[in-house]
1. Can you tell me which of C:Thr32, C:Thr63 is farther than 30 Å from A:Ala31 by Cα and part of a loop (DSSP other than H, G, I, E, B)?
2. Given the conditions (1) touching a residue at least 12 places away in the same chain (Cβ under 8 Å); (2) more than 12 Å from the chain's Cα centre (by Cα); (3) not in a helix (DSSP H, G or I), and given that D:Ile3 satisfies all but one, which numbered condition is not satisfied?
3. Go through segment B:63-90 residue by residue and tally those that are touching a residue at least 40 places away in the same chain (Cβ under 8 Å), of a type outside the set (D, E, K, R) and either within 18 Å of B:Pro16 (Cα to Cα) or surrounded by fewer than 20 Cβ atoms within 10 Å (Cβ to Cβ) (or both).
4. Within segment A:104-126, which residues are closer than 16 Å to A:Ile38 by Cβ, at the interface with chain D (Cβ under 7 Å from one of its Cβ atoms) and of a type in the set (A, V, I, L, M, F, W, C)?
5. Can you tell me which condition A:Tyr116 does not meet? The list is (1) touching a Ser or Thr at 6+ places or on another chain (Cβ under 9 Å); (2) modelled with pLDDT of 95 or more, and all the others hold.
6. Only one residue in C:Ala54, C:Ala45 is small (Gly, Ala, Ser), at negative phi and modelled with pLDDT under 95. Which one?
7. Tally the residues that are under 11 Å from the mean Cα position of the chain (by Cα) and exposed (fewer than 14 other Cβ atoms within 10 Å of the Cβ), restricting the search to segment C:37-51.
8. Just wondering, is there one or more residues in segment C:10-20 that are closer than 30 Å to B:Ile51 by Cβ, loosely packed, with under 15 Cβ neighbours inside 10 Å, touching a residue at least 24 places away in the same chain (Cβ under 8 Å) and more than 10 Å from chain B (Cβ to nearest Cβ)?
Amino acid sequence: MTDTQQRIFCKLTSAPIDLRELTDFVADPGAGAMTTFIGTTRNTNDGRQVIRLEYECYPGMAEKEMVKIAAEVLTRWPIIKVAMSHRLGQVDIGEASVAIAVSAGHRHAAFEACHYAINQLKETVPIWKKELYEGGELWIGSQTGTSGSLHKVQEEDRA
Amino acid sequence: MTDTQQRIFCKLTSAPIDLRELTDFVADPGAGAMTTFIGTTRNTNDGRQVIRLEYECYPGMAEKEMVKIAAEVLTRWPIIKVAMSHRLGQVDIGEASVAIAVSAGHRHAAFEACHYAINQLKETVPIWKKELYEGGELWIGSQTGTSGSLHKVQEEDRA
Amino acid sequence: MRIRLRFFASLRERLGRTEEVREVPTGATVATVWELLKRERPELAVLERSLAFAVAQEYVDKTHPLQDNDELAFIPPVSGGGHD
Amino acid sequence: MRIRLRFFASLRERLGRTEEVREVPTGATVATVWELLKRERPELAVLERSLAFAVAQEYVDKTHPLQDNDELAFIPPVSGGGHD
């Protein structure tokens, strides 16, 4: 097995996410299983008609936190390689905001590691999204909506 | 939601598997999450140096069993679409034998449905693989090895 | 009645054929045909434990009664998917 | 000592700036700076419960002591990923 750094690929990009770039990175002759996750922009969220999303990050720290997650999954599961890519700036409906790919000898580890990675990314990586919807805009995860009527903390699916 | 048949894509093919065909099928403006699974040919299995795999199926029944699995996951989880493709004939090391893609509103359902679908496929779909390795060949899942020394039932990762 | 038998994978290789059509007595079940095959080829007995059966492309158990023109498939342990 | 403050997302919009450099007394902690900001902008108090802090791009708690030239970031609830 090569060293940890060669088994990790993390990227923040304002270009559309290329899933193939991630699956090519994690492909390995020793792999029997590969799982991927793609998080996309829905046309509705919590009853609002979504127009698009806008992402910003804390440059530097966001990459570091992504690499931490990748390194952690390499130690927690018998996986071969992990790749994750997150988009910044404007993201239209149906487009991918984030993609993760994991390769492993066996599928169980590949599924668990991929699911854990996206859960952690949403908990710890300093990236924020503003939802532009019909009638206003809203920082998801914050209490601030410009419509003035949205004051609850947005609850994401943490399951 | 459209009817069940329009939410299912199943394919058996002797051409290389095109993951993009599956992700394009399951993409949906109402989807927030997409998961994929790709099963590949490892260069080693159970200590044997694998040269390649050869797949055969029970034509007709294999498709029917795949569609049954797809229809079942649509009823068991809140998912939007499911696509699965399985390759037949010769498959070289590192190439995909099977791919599954699932789209859903939320990621938890997408992961569970995709994991369940591959587990079921390996249990019920009448497809068989013969492993050609250095020194012999072996029907995986059977007790028959041409080397004469392999008599145990191959245990796959069922987890 | 006439039953079409189908053989796959290891069983196909052992028997050296992919299918055959066989005359069986009215009232025959899957088990009847399987016992017939084992009588002709005793070495098939080792597969007993792991073999499944399908009639008209649906899994059935051994007690399933056959009808004229049924297709009966002998299904060795399936192994679709990659090395995962 | 001099501390660079960084603001993101909703906090950036509320304050109308992405960063600032501030003089703070030796011995100041993350909490010292946060209390200072709240005194200037009392409406920030509602964020208290949900805000996280990072110094030198690592998460820290409020008691973390600051050093000259540290970068202190105020992190509103993160929300990377899609609508999933």
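1. Criteria check complete, one pass: C:Thr63.
2. Here D:Ile3 meets the rest and fails (2).
3. 9
4. A:Ile118, A:Leu121
5. (1)
6. Step by step, each of C:Ala54, C:Ala45 is checked, and only C:Ala45 is small (Gly, Ala, Ser), at negative phi and modelled with pLDDT under 95.
7. Counting residues in segment C:37-51 that are under 11 Å from the mean Cα position of the chain (by Cα) and exposed (fewer than 14 other Cβ atoms within 10 Å of the Cβ) gives 1.
8. no
The values are calculated or read from the model by the stated rules, or taken from the named source; none is laboratory data. A quick note: this is a predicted structure, and the numbers were derived from the prediction, not measured. Glycine gets a Cβ as well: all are built from the backbone with ideal geometry, and neighbour counts include every protein chain shown.
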